[in-house]
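The structure appears below as structure tokens.
The values are calculated or read from the model by the stated rules, or taken from the named source; none is laboratory data. Just so we're clear, the structure is a prediction, and the values are computed from it rather than from any experiment. Note that each Cβ is placed from the backbone with ideal geometry, even for glycine, and that neighbours are counted across all protein chains shown. Heavy atoms of the whole protein, side chains included, go into the accessibility calculation; ligands, DNA and RNA do not. Shrake-Rupley method; radii C 1.70, N 1.55, O 1.52, S 1.80 Å.
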Amino acid sequence: MVPFCLPGWRSEPQQNLLKNLKGKINIIPSANPVAQFLYSRTSFLDQKDLNRAGKGRIDGSYTDRLANILFNFLLKSDVVINIHEFEMFSPIM
């Protein structure tokens, strides 16, 4: 684990740890763009909230399928950081 340090304040051992980090970062700017486009928590396709879909179902509705795809994608990750919020008028990315 690399302790948090401000840029320029890293010690030599911390710099060596950072050099050895490998991997990739996946960013999902909007997990449910259909709902976000309409400034809604729910998709107009099935009136379901992705935040309540759990791991979803591949044979379910749009939101169920989306949840299942996201769930299976995230299972392949070593670390997942979930930073989300909802505002009715959040910007569309």
Sort out which residues of region 24-63 are in a loop (DSSP other than H, G, I, E, B), crowded, with 16+ Cβ neighbours inside 10 Å and out of contact with any Phe, Trp or Tyr (no Cβ under 7 Å at 6 or more places or on another chain), and write them in order of number. N32, K48, A53, S61
Which condition from (1) open to solvent by less than 80 Å² (accessible area, probe 1.4 Å); (2) part of a loop (DSSP other than H, G, I, E, B) is the one that N68 breaks? (2)
Can you list residue pairs whose Cβ atoms sit under 7 Å apart, with the first residue in region 21-37 being among the hydroxyl-bearing types (S, T, Y) and the second being part of a loop (DSSP other than H, G, I, E, B)? Count only pairs 6 or more apart in sequence or on different chains. S30/M93
Selection within region 1-34 - aliphatic (A, V, I, L, M), touching a helix residue (DSSP H, G or I) at 6+ places or on another chain (Cβ under 7 Å) and either closer than 30 Å to I69 by Cα or at pLDDT 70 or above (or both): A31
